[in-house]
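Everything on this sheet refers to the single structure shown next.
The values are calculated or read from the model by the stated rules, or taken from the named source; none is laboratory data. Every value quoted in this text rests on a predicted model; they were computed, and no experiment measured them. FYI the Cβ positions are ideal-geometry reconstructions off the backbone, even for glycines, and counts take in every protein chain you see. Surface accessibility is based on the protein's heavy atoms, side chains included, excluding ligands, DNA and RNA. Shrake-Rupley method; radii C 1.70, N 1.55, O 1.52, S 1.80 Å.
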Amino acid sequence: MGQVCTRTSTRTVCPYAFWGLHRSIARSIVADGEPRGSDQRPLSATTVLYAATDIADVGARRPTPSVSVRKAAEALFPNVHQVSSWRAWRRAIEDEHPDLLVVLGHTMTEAGEPKLYIGRRSVLARPDIRVNDLRSDGAPAPLVLLMACASVALGDAFGSLPGVMTARGAGAVVGTLSKIVGPHGATAATHLLRAVHETAGTTGTIGSALTSARRSLVAEQRPIGLILVSHGELDTKVVP
């Protein structure tokens, strides 16, 4: 990642800041000295674990953002489980083995640490993220849709939220580059869920599902499609 330019003014535009909406990650996995493809198992998009923050619904029209995302998930996937605390979230990870994790959350940086809120005030700080927050023993690496303010940008020298999540067992994390409000996050989540569902059973991957969601959002003149970015194994196939 480039460094932030300090020479901007009313007459000078920093090229890094201008093109900062596009970020790409190149990787090469090596075994026995030869490059090879990813060992990531296909994503079986059947079981969804969903949590939303109460803040997402403040001032929103009905159906509220949290309800609209749940209804969209239930219309597309056979098993959808909604929780309102991280304690219940961990129990569902252990009991249900979800492969698609959806958070319509609220992010804050408190005492220098990025924190992710769901429910009324259930909070998970970045340093506290563990494997059992994302997957149970032997379960496939899940896809995480992290719809919250600047969810891929918040972090420090020790890592970002997506970086820590993939290090703790997530296959890929899709999030946002800047601040959003509940209705916008819900719209993005709905488009992403639809794209993942439509990709299942095709030759497409998580990466192509993300591209499809971006295009559909922009086609509807919803700029949030421009600030969706991803981290992790984007070439993972999606199966029914």
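Listed values, structure above:
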quantity	calculated
Where labels lie 7 Å past Cα in the beta-carbon direction, separation of residue 87 and residue 220 in nm	3.6 nm
Spacing of the two label points (7 Å from each Cα toward its C-beta) at residue 75 and residue 113, in nm	3.9 nm
Accessible area, probe 1.4 Å, largest first, for residues 197, 191, 231	197, 231, 191
Average Cα contact separation per residue, segment 74-228, under 8 Å, 6 or more apart, as relative contact order %	19 percent
Calculated FRET value between residue 239 and residue 120, using beta carbons and R₀ = 41 Å, to 0.05	0.70
Residue 128-residue 202 FRET efficiency (beta carbon distance; Förster radius 41 Å; 0.05 resolution)	0.65
Length gained when the stretch residue 62-residue 167 is fully extended (0.36 nm per residue, less Cα-Cα span)	34.1 nm
Whole-Å distance, taken between Cα centres, linking segment 155-174 and segment 49-74	24 Å
Backbone HN-Hα couplings from phi across segment 179-190 [Karplus 6.51/-1.76/1.60, Hz, Gly and Pro as x]	5, 9, 10, x, x, 5, x, 5, 4, 4, 4, 5
